[in-house]
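Asks: The structure that follows is given in the form of C-alpha cells.
Laboratory data are not the source of any read-out in this text; all were calculated from the coordinates shown. Because the structure is predicted, anything quoted here is derived from the model rather than measured. We place every Cβ from the backbone using ideal geometry, glycine too, and count neighbours over all the protein chains shown.
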There are 2 protein chains.
Amino acid sequence: MKKAKKIINNPRNVVPELLEGLVKASHGKIKKLEGISALVKTQLSEGKVGLLIGGGSGHEPLFPGFIGENMADGAACGHIFAAPTPDVIFEVTKVLDKGKGVLYLYGNYAGDNLNFDIAAEMAQDNGIDVKTVRVWDDVASAPFDKIKDRRGIAGDLFVIKIAGAVSVEKDNLEEVFRVTTKARDNIRSMGVSVAAGSIPETGEPTFELPDDEIEIGMGLHGEPGVSREKMIAANPLVDKMIEKIIIDLPFKQDDEVCLLINDLGSTTMMELLIVNRRVFQILQNKKIKVYDTVIGSFCTCQEMAGFSITLMKLDDELTQYYNYPANSIGFKKL
Amino acid sequence: MKKAKKIINNPRNVVPELLEGLVKASHGKIKKLEGISALVKTQLSEGKVGLLIGGGSGHEPLFPGFIGENMADGAACGHIFAAPTPDVIFEVTKVLDKGKGVLYLYGNYAGDNLNFDIAAEMAQDNGIDVKTVRVWDDVASAPFDKIKDRRGIAGDLFVIKIAGAVSVEKDNLEEVFRVTTKARDNIRSMGVSVAAGSIPETGEPTFELPDDEIEIGMGLHGEPGVSREKMIAANPLVDKMIEKIIIDLPFKQDDEVCLLINDLGSTTMMELLIVNRRVFQILQNKKIKVYDTVIGSFCTCQEMAGFSITLMKLDDELTQYYNYPANSIGFKKL
C-alpha cells in the first residue's frame, strides 16, 4: 500500500497543532492548559461535577471535539493512538474539580486504564473525589462473559452525551456515575473495516487488508476483529453486524433505542445512509423502535474506510438526558 | 489505482437507497416524493417562500442532507454527479409552492443550469413564481471577470444556511432572492485534492494523481484546478489557498467572516483542525475577524482526499440570518 498524503506540517506536531486548531474553532469557549496536551472549557461552573474524557489522539473529533455545552468539561489527550500520561490527566482533574469531584470517562484500553487509574490515585491523595466509567461497547472484541475486556469504540459518543447532560443536572458524583454507568451498560457496537488508515508520523497503514476482503469487528487501531471475509454487499454485511449487536444485550421487541452509524474515516455519507436504510428495516422487523438516529464521523481511525453501528437502549431517565441539547464541535443536538 | 470497496448494494440503486436512508434518519420530518428522486419536508408552512435546492448525488450530505428547520424545504436529486431532470425539479416545485413562489438554489454547472431553467419555465407556465440563485464560489474555476463561469462548491452550505433563515422570516420571494444573492456574492472558496474519489457504479477513480502530487483548485467532480504541484506541508498550502480567496472578493481588514473548512471525503478532522489553525493565523494577521467556524464533511466527492476553505463576509443582515439555529441531518447550528 502506498503512503498516505496527509495535510500536516511536522508529523511530530500534529497533536499540539490540532488542539490549537480546535481552540480557535471554539471562539473562546475552550482553552488549552499551559504546557500539556489538554483542553478545558473556559467557563467552568462552580459546584458542578467535572466530566473528564480522554484517550489517544488520531480519532478526532473524539475526544477533544466533545467538549462543550452539556457535553464534557475537559479532555486529556495522548499522542497519536497513545494514552494520555497520568500527570496530564491529574492536571486536568485539578482544573475541573469544583468541589464536587470529577468523573473519568474513557475507552477501555490497557494504557488508558493504567494512566487514568494512577491519576485517580493522585487526585484522591489531593482530596479530589474521582469515579471512573470505562466504555466497552465493542461486542467483537471479547465474548459477553469477558465484557470488561471489550474495547471502547463509537459508543463513547452516547455515553459522553448522557454524562454531559446528567453532570449539568446533578451536582452529585455518585449520581452522575450511576446514570453514566447505566448508559454504558445499555450500549453495544460493532465495526467493520474495508481499508486501513495510516499513522501520521510514518504514512504507513495501520494494517494490511487484501483488495477483496473486509474485516468484521476490527478495532479502532486495527486490532483484529471476529472474522476476515470476502467483500460483500451492504445489506448482508449489516445483517451480520446488527445480529451480533442485538443478541448481545439483548435488545428486544418494544425496546426503544438511539442509533449511531459512525464513519471510521473515509466511508461516505452515501454509504452510511445506505447502511442506515438496512438497519431500520431490520429493527422495524424486530419491532425495536428507533428514537433518534445520528450519522456521521465521530470516532475515527484516521482515514480508515469502514463504519460502526451502535445501539443504546433507552429508559425514561436516559431519554430525558438524551433530549438535552448539546453543543460541541464534534457533536451537536438541538 | 485499485478499485474502491464501497459499502453498497446494487451500484445502480445507490441514489434511491441513500434517499431512503435519509428519510428514515429524519424520523418523520422528511418524506420522499412518490416515483422520483426528491425529498421534501413533511410539514410545509402555508404562505412560506419555498426553498428548493438540488444537484447531482454523490456529494452527501449536500444536497438532501440540508433539508430541515431553517434550512431547505426540499431537494431534487440527480444520479451520481448528474443534474436532476426538469420534470423532477418541477414536481418538487409544485409541492413547495405555498402561494409565495419558490427559490431555486444550486451549484453553477451546465447541466443543473439547463434543467433548473427548464423547470422554472414549466413552473412559470403553471403560475408559480420562481427565482434562481446559482452558487459560484470556487475562485479556482474561472477568473474574476468570468465569475458566472465559476463552479459551486462548499460555499453552497453557507448560502443555503442564509436562504433557509430568510425564507422563514420573509414571505416575499424578491426579498429571499435579494438576501440569498447577497450571501452568494459575499462568499469565496477554494479546494485542493490529494487523492481521487471513485464512482460507485464502476469503482474507478474520478481522476489520476501521482503519489507525490496535489492539485490546487480541483473541482468537486475532478475538474482541473489552477495547478498541479508537488505535495507540500499544510501551512504553505493553506497560505496559497487563502491568498487567492482573500484577494478575490477582496476580504479586507476589519471584515467579519464565517469560515468553513470542508472535508472533500476522506481528509481527517485532525487535518482539518491543523488547516484551521493556519487559516486563523493568517486572518488574524490581516485583522479579518472570524465570527464563526464550521469544520467537517458537508460537500464531498465520494472518498476524495482533500479539503476546501470558504469565507463568507458578513454584514448586519447576514449575521442576523446566520445566527438562526438550523437543524438538518448534514448541518446543525445551535
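Asks: Go ahead and set up a Gaussian network model of chain B, Cα springs under 10 Å, then flag whichever of B:81, B:158, B:144 fluctuates most.
Replies: B:144
Asks: When Cβ neighbours within 10 Å are restricted to other protein chains, what is their mean count per residue of peptide B:109-118?
Replies: 0
Asks: Ordered shortest first, which distances in nm separate the 7 Å Cα→C-beta label point of residue A:99 from those of the other copies?
Replies: For residue A:99, the other copies' label points sit at 5.8 nm, shortest first.
Asks: Using θ = phi - 60° and the Karplus relation 6.51 cos²θ - 1.76 cosθ + 1.60, list the HN-Hα couplings for segment B:65-70 in order, rounded to whole Hz, with x at every Gly or Pro.
Replies: x, 9, 7, x, 5, 6
Asks: Between copies, how far apart are the residue A:124 label points? List them in nm, one decimal, shortest first, with each point 7 Å from Cα toward Cβ, please?
Replies: Ordered by increasing distance: 7.7 nm.
Asks: Antiparallel DSSP bridges in the protein assembly as shown: what percent, to the nearest 5?
Replies: Roughly 55 percent of the beta bridges in the protein assembly as shown run antiparallel, per DSSP.
Asks: If the elastic network links every pair of Cα atoms under 10 Å, which of A:322, A:104, A:291 fluctuates the most in the Gaussian network model of chain A?
Replies: A:291
Asks: Still on this model: Quick one: with label points 7 Å out along Cα→Cβ, list the inter-copy distances for residue B:213 in nm, shortest first?
Replies: 3.4
Asks: Quick one: work out the % antiparallel among DSSP beta bridges in chain A, nearest 5.
Replies: Around 55 percent of the beta bridges assigned by DSSP in chain A are antiparallel ones.
Asks: Which one, B:43, B:179, B:26, projects farthest toward the positive side of the charge dipole computed for segment B:11-185 from Cβ point charges (K/R +1, D/E -1)?
Replies: Sorting the options by dipole projection puts first B:26.
Asks: Another question, then. Search the structure for amide H atoms under 5 Å from the amide H of residue A:213, placed 1.01 Å from N in the peptide plane, and list their residues when 5 or more places away or on another chain.
Replies: Amide H neighbours of residue A:213: A:231.
Asks: Follow-up. Non-local amide H neighbours of residue B:132 (under 5 Å, H modeled in plane, Pro and chain starts lacking H): which ones?
Replies: Long-range HN contacts for residue B:132: B:104.
Asks: List the relative contact order of chain B as a percent without decimals, with contacts defined as Cα pairs under 8 Å and 6+ residues apart.
Replies: 18
Asks: Something else about it: How many angstrom lie between the C-alpha centres of segment A:1-55 and segment A:213-264?
Replies: Between the Cα centre of segment A:1-55 and that of segment A:213-264, the gap is 30 Å.
Asks: For segment A:187-333, what does the relative contact order come out to in percent, with C-alpha contacts under 8 Å and a separation of six or more?
Replies: 30
Asks: With a length cut of 30 Å (Cα positions projected on each helix's long axis) and a Kyte-Doolittle mean of at least -0.5, go through chain B and give me the DSSP H helices that pass.
Replies: none
Asks: Jot down the per residue volume, in cubic angstrom and as a whole number, of the convex hull over the alpha-carbon atoms of segment B:49-128.
Replies: Given the Cα convex hull of segment B:49-128, per-residue volume reads 71 Å³.
Asks: Further question: Rounded to whole Å, give me the distance from the Cα center of segment A:284-324 to that of segment A:102-137.
Replies: 25
Asks: Using every pair of alpha-carbon atoms in segment A:246-295, split the distances into 10 Å bins beginning at 0 and state the percent of pairs per bin, rounded to integers.
Replies: Computed distribution, short to long bins: 24, 52, 23, 1.
Asks: Averaged over B:191-197, how many beta carbons belonging to a partner chain fall within 10 Å of each residue's beta carbon?
Replies: Taking all residues of B:191-197 together, the mean is 2.
Asks: What pairs in A:6/A:48; A:170/A:332; A:286/B:31 have C-alpha atoms more than 31 Å from each other?
Replies: Beyond 31 Å: A:6/A:48.
Asks: Tell me, for the rotation carrying A onto B, which chain A residue has the beta-carbon closest to the axis and what that distance is in whole Å.
Replies: Residue nearest the A-to-B axis, with distance in whole Å: A:266, 2.
Asks: Another question about this same structure. Report the charge-dipole magnitude of segment B:1-79 in Debye, nearest 20, computed about the Cα centre from +1 at each Lys and Arg Cβ and -1 at each Asp and Glu Cβ.
Replies: 480
Asks: Also, I was wondering about something else. From zero outward in steps of 10 Å, how is the percent of C-alpha pairs of the protein assembly as shown spread across the bins?
Replies: Bins of 10 Å from zero give 3, 17, 27, 28, 18, 6, 1, 0 percent of pairs.
Asks: Along segment B:324-334, what does the Karplus equation 6.51 cos²θ - 1.76 cosθ + 1.60 (θ = phi - 60°) give for ³J(HN,Hα), rounded to whole Hz, x for Gly and Pro?
Replies: 4, x, 9, 9, 9, 5, x, 8, 10, 9, 9
Asks: First check a/c for chain B, with a ≥ b ≥ c the square roots of the eigenvalues of its C-alpha gyration tensor; if it is under 1.5, answer rounded, and if not, answer prolate when a/b is larger than b/c or oblate otherwise.
Replies: Verdict is oblate for chain B.
Asks: Considering amide H positions built from the backbone, and no H for Pro or chain starts, which residues 5 or more places from residue B:80, or on another chain, come under 5 Å of its amide H?
Replies: The answer is B:57.
Asks: Turning to a different aspect of this structure: In peptide A:7-15, how many Cβ atoms from other protein chains are near each Cβ within 10 Å, on average?
Replies: Per residue, the number of nearby Cβ atoms from other chains is 6 on average.
Asks: I would also like to ask the following. Quick one: what are the phi-derived ³J(HN,Hα) couplings along segment A:34-50, Karplus 6.51/-1.76/1.60 with θ = phi - 60°, whole Hz, x for glycine and proline?
Replies: Here the 3J(HN,Hα) series is 4, x, 9, 7, 8, 10, 9, 5, 6, 10, 9, 8, 4, x, 9, 5, x Hz.
Asks: How big is segment B:131-284 by the Kirkwood estimate over distinct Cα pairs, in Å?
Replies: 16.8
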